[in-house]
Amino acid sequence: NTHMLFIDAFLQNNRLDHVTQVMGYHPTYLDIFLRTQNFILRGDGPLPYDYRHFIAIMAAGRHQCSYLINLQKQEFLLQGGDHTWLKGLSRIPQKLRDLYDINKILAHRPWLLNKSHIEKLTKGKDSWSLAEVVHAIVILAHFHALSSFVFGCGVNEELDQDGGHHNGSTDSIPPLGSSPRSVPSPTPPVSTAPSSRVGEPWLASMSPEQEVGVDMLMQRMKSLSERSEEFSQEEKAKRFEHIENQSVELSPGLEPLMQVKADIGHFVDDPTFLYQDFARRGEVSDIPTFRVQDYSWDDHGYSLVNRLYNDVGNLLDEKFKTAYNLTYYTMGGRKDVDTSRFRRAIWNYIQCMFGIRHDDYDYGEVNQLLERSLKAFIKSACCFPERVTKKDYDRVLREFKHSEKVHVSLMVLEARMQAELLYALRAIMRYMT
């Protein structure tokens, strides 16, 4: 299965890129991921092809993800894109420039997005149609979230890119005729910190804690599933706020902001605009928590996105569900484990950092199932992916297999992407009504 997907990916892209190889641990997910990415970049849709790849470059620029920027630059030129655009944002059409604000907000503080941003795009002489806006937003969210995956798994540059080298060793890339079981056998291609990083990675400087082992984790999941007490909505809301406030303490010191790398700085506007904790959203809490019960993907987002950008909703829906429900019933070396509680805790914790609350969930479970180092890793991969280093990857989930760690990064990718889309689609719906 993996092998056939690799061949497909190679035929589509004339390369088997490192992201595809790492995702190859999970063929069911890789299949829907490749179909979705192929559809938004090459399938039917309102945006011209060169715009699509340039929007991808703008999105990856927010997290300084040179890996994705370089791949998309090549694609942009292959689609006949104007090479002067690659000199930077000052050279692109005004219509694309107008999208930058939404790119920036969506990447770091999606809760600030409102209908006036949509209105601004759809008025005036370089105006966007709503279908184009939706297409652009799907590409932006996809590449913001994919940057989280790239850094979270430490994916290296491709061989034909600057600074590119093989994953670990040349043996790690199986020849096309070899058995897919050997994919990718060594540690995922985890890069060391780029030279632009200042000092120690902030995660590594956290005081080490006694890691909760897999057996202990299974014990906790079991006792949670046997617990029958029901909490009131008020108590659930309190628990959500508690987790949200705890997350603030995991924020890295944001002072000496690393320099934006010279070769990508011209794709980045306002580099100091970064994630800020939702829980600290100004003294005036004029931005209420986003309750999934009021605007959910299943009931609202899915149909709106499908209506404005044909068929993409079905693909996104399958991709979210695949990442959320993916399980082999294993954890570490243990078999026949029901991991659903652990997966749900990760998904809901990610969305909590973006101010999204699931009313029917007891957020007390997050502290039971996710230890501090894992929460810090998830938070940095979600909100500051460019700061994640190889050390950070190694420090979390030490008893877990690489494929399981990659699965956690897939959930970061999908839960984050869904959070961005929920805010954006809600803003579009409010604009339309």
Cβ-placed point charges (K, R +1; D, E -1), dipole of segment 272-431 about Cα centre in debye, nearest 20:
580 debye
7 Å from Cα along Cα→Cβ at both Asn114 and Asn310: what's the point-to-point distance in nm?
3.6 nm
Sequence gap at least 6, Cα distance under 8 Å: using those rules, report the relative contact order of segment 318-433 to the nearest whole percent.
33 percent
Between Arg357 and residues 5 or more places away or on another chain, which pairs have amide H atoms under 5 Å apart, with H built 1.01 Å from N, and which residues are they?
Phe290, Arg291, Val292
A correct Karplus calculation of ³J(HN,Hα) over segment 365-371, with 6.51 cos²θ - 1.76 cosθ + 1.60, θ = phi - 60°, whole Hz and x for Gly and Pro, returns 5, 4, 6, 5, 10, 10, 7
In the neighbourhood of Thr322 defined by beta carbon distances under 14 Å, the net charge of the other residues (Lys, Arg +1; Asp, Glu -1) is 0
Carbon and sulfur together cover what percent of the accessible area of segment 309-358 at a 1.4 Å probe radius?
46 percent
Multiply the residue gap between Met216 and Asn38 by 0.36 nm, knock off their C-alpha separation, and tell me the result in nm, one decimal place.
60.0 nm
Just subtract the alpha-carbon distance of Asn367 and Asp263 from 0.36 nm times their residue separation and send over the number in nm, one decimal.
33.4 nm
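Write down the accessible area per residue of segment 297-356 in Å², having rolled a 1.4 Å probe over the full set of protein chains.
Here the residues of segment 297-356 average 41 Å² of exposed surface.
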Keeping all protein chains in place and using 1.4 angstrom, which order do Thr84, Thr36 fall into by accessible surface area, from largest down?
Thr84, Thr36
So for segment 290-433, if I pair up every lysine 8 or more residues apart or on another chain, how many of those pairs have alpha-carbons under 24 Å apart?
23
Hypothetical label at Lys335: residues of segment 374-417 whose amide nitrogen lies under 19 Å (7 Å Cα-Cβ projection)
400-404
Area of Met429 that stays accessible when all protein chains are in place (1.4 Å probe, Å², to 10):
70 Å²
In whole Hz, with x marking every Gly and Pro, tabulate ³J(HN,Hα) for segment 133-147 from phi via Karplus 6.51 cos²θ - 1.76 cosθ + 1.60, θ = phi - 60°.
4, 5, 4, 4, 5, 4, 5, 4, 4, 4, 7, 4, 5, 5, 4
What is the percent carbon and sulfur in the accessible area of segment 21-133, measuring with a 1.4 Å probe over the protein chains and ignoring ligands?
49 percent
With R₀ set to 30 angstrom, the calculated FRET efficiency between the beta-carbons of Ser90 and Gln12, to the nearest 0.05, is 0.40
Placing each pseudo-label 7 Å from Cα in the direction of the beta carbon, Ala131 and Arg280 end up separated by a distance in nanometres of 4.4 nm
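The values are calculated or read from the model by the stated rules, or taken from the named source; none is laboratory data. These numbers were taken from a predicted model, which means no experiment stands behind them. Cβ: placed from backbone, ideal geometry, glycine included. Neighbour counts: every protein chain shown. In case anyone asks, the SASA skips ligands and DNA or RNA and just uses the protein heavy atoms, side chains included. Shrake-Rupley method; radii C 1.70, N 1.55, O 1.52, S 1.80 Å.
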